[in-house]
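All of the numbers you see were taken from the coordinates with simple rules; none came from a lab. Being a predicted model, the structure only gives us computed values, none of them experimental. A quick note on method: Cβ atoms are made from the backbone with ideal geometry, for glycine too, and the neighbour counts reach across all protein chains shown.
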Amino acid sequence: MTARDPIDIWRRPERSGVGPKPQHSRGQIAAAAIDIADRDGLAAVSVRRVARDMGTGPASLYRYLRSHDELIELMVDTVSGEYDLGPSGETPRDQLLALARQGRSIMHRHPWLAALLLTRPSMGPSTLRYLESALTAMESIDLPGPSKLQTVAMLTALTSAFVQNELSQPGNSGAANGAASERVEYLSEAVRSGNYPRLASAFSGGNEPETPDDMFNGIIVGYLAGVGLRQLPQETPGAGEIQA
């Protein structure tokens, strides 16, 4: 790891004892950057823009971070702190499914996040707490450690890909409705038409997809079953819906 790696920010104290009294914090800087990204997209985020929105100069922010990449690292780790890592189910499958659902909601609140998680996952304290929670949920599962890490990584990747597809639909402002729901309805009609027997066969033995929430739950449940977590939880109405 070199000093240019954005993860290096976590190896440094937030501010050294040298120089003037700190006027800002990493948390304040990250919050300002996240607000910009949520409103105007990730491309609008720069150290200069964040400094302007905070009413200061870019040079002052470089006392807290060394690069634009470190700013992005702060942002990703900060939104990772939005997970509720408390008890979320009785079985490992329940708990991992709950984490995936939370992840989907967080990615909808911050539409720039999903693509980032596929290409440059954070290694900050909030992210590591999430990872620790997911591995704790899998503690009783008979899998080697690397396989458990891969399972968690795949959950994030599946969730990120699903959300990117949702957000790419025309007219979608971030909620899992509108055009996404129309596409699910269209797929259901196609399956029932009889024109696509192999597609219909793929859905046989189960229910046709009804909502984006159903589709997401089915994807995550199917993946977890593939790694040996087959126990089905007692679902509660609306448990998988996007939360604002």
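Exposure proxy shown here: for Thr119, Thr127, Thr211, the number of other Cβ atoms within 10 Å sets the order, fewest to most, as Thr119, Thr211, Thr127. Considering only DSSP states other than H, G, I, E and B, which GluC sites (Glu not before Pro) in the range 74-132 qualify as loop sites with at most 11 other Cβ atoms within 10 Å? Listed in order of number, the matching sites are Glu90.
Placing pseudo-labels 7 Å out from each Cα toward the beta carbon at Asp38 and Glu14 gives an inter-label distance of 2.0 nm. Among residues other than Glu70 with Cβ under 10 Å from its Cβ, the summed charge is 0 (Lys and Arg +1, Asp and Glu -1). For the peptides 95-108, 34-47, residues were scored by their other Cβ atoms within 10 Å and the scores averaged per peptide; the highest-first order is 95-108, 34-47. Ordering Trp10, Trp112 by the number of other Cβ atoms within 10 Å of each residue's own Cβ, fewest first, gives Trp10, Trp112.
Here's the picture: charge each Lys and Arg Cβ at +1 and each Asp and Glu Cβ at -1 in the range 6-79, and of Ser67, Val79, Ile34 the one pushed furthest to the positive end of that dipole is Ser67.
Both numbers refer to the Cα atoms of the range 55-153; Rg and Dmax are 15.8, 53 Å. Answer rounded, prolate or oblate for the range 122-161, using the Cα gyration tensor with square roots of eigenvalues a ≥ b ≥ c: rounded when a/c is under 1.5, else prolate when a/b is larger than b/c, else oblate. Judged from the Cα gyration tensor, the range 122-161 comes out oblate (a/c at least 1.5, b/c at or above a/b).
For the range 6-79, the alpha-carbon coordinates run over 35, 26, 16 Å along the three principal axes, in decreasing order. Among 143-149, 212-218, the peptide with the highest mean count of other Cβ atoms within 10 Å heads the list, and the full ranking is 212-218, 143-149.
Look at Tyr83, Tyr62, Tyr223 and count the other Cβ atoms within 10 Å of each Cβ; fewest to most, that gives Tyr62, Tyr223, Tyr83.
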